[in-house]
1. What distance in nm separates the two pseudo spin-label positions at Gln104 and Lys69, each 7 Å out from Cα along the beta-carbon direction?
2. Within the accessible area of region 37-130, what % is carbon and sulfur when the probe is 1.4 Å and the other protein chains stay in place?
3. Counting only other residues whose beta carbon sits under 12 Å from that of Arg152, what net charge do I get with K and R as +1, D and E as -1?
4. How charged is the neighbourhood of Ala91? Take every other residue with its Cβ under 12 Å from the Cβ of Ala91, and add Lys/Arg as +1 and Asp/Glu as -1.
5. So how far apart, in nm, are the two label points at Cys96 and Ser149 if each is 7 Å from Cα heading toward Cβ?
6. Taking the Cα centre of the chain as origin and charging only Cβ (+1 Lys, Arg; -1 Asp, Glu), how large is the dipole, in debye to the nearest 20?
7. If we count every other residue with Cβ under 11 angstrom of Ile102's Cβ, Lys/Arg +1 and Asp/Glu -1, where does the sum land?
8. Averaging the inverse of every distinct alpha carbon separation and then flipping it gives the Kirkwood radius. What is it for region 63-140, in angstrom units?
Amino acid sequence: MRHDPRLSEFFPKCDATDYEIATSGTALKLRHLWEQLDSLRAVLEAQAALPLREAILQYVEAVSGQLGKRLGALLARTGLSGTDPVTGAEAGKMLCVTQQRISQIVRQLHRRTDLARPPAGIWMPQIAAAESDGWRVEFSVRGIEAIRSLSRSQ
């Protein structure tokens, strides 16, 4: 996949990263990108204006395909909500599923995140702003670590 799932509708379907298409793509791929530029710019500006928690929620939703309670349980279990991760049993209780099922859902999120993460990491200016601000927003140490690991390239 290698495309940020929040932006995939703007890029042609191929194995190249968004950056590779923009800098050295074929004429057809570049034309597709050029035609989408104004819409892409509007989406990027809207995403950049989101608070950090909302930006993470939208990203994890796009990657995982989870919504509502399932998304909340996934964020809570992984620490991506900004708080210390809950146990598998606690997350399972949220959804009335087993701890094993929660583990499967979390593994699926990690696989999808790894597939979607561009080589240079995901674009989320809110994380850079939080870093420069010293994480003044109320996040736990483990929550900050989870958020940092989400954005970093592996």
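1. 1.8
2. Its accessible area is 57 percent carbon and sulfur atoms.
3. With Lys, Arg at +1 and Asp, Glu at -1, the net is -1.
4. +4
5. About 3.1 nm, to one decimal.
6. Rounded to the nearest 20 debye, it is 600 debye.
7. Net charge around Ile102: +4.
8. 13.7
The values are calculated or read from the model by the stated rules, or taken from the named source; none is laboratory data. Worth saying up front: this structure is predicted, and the values here are computed from it rather than measured. Positions of Cβ are backbone-derived with ideal geometry, glycine not excepted, and every protein chain shown enters the neighbour counts. Ligands, DNA and RNA are stripped out before the accessible areas are found, and what is left, the full protein with its side chains, is counted by its heavy atoms. Shrake-Rupley method; radii C 1.70, N 1.55, O 1.52, S 1.80 Å.
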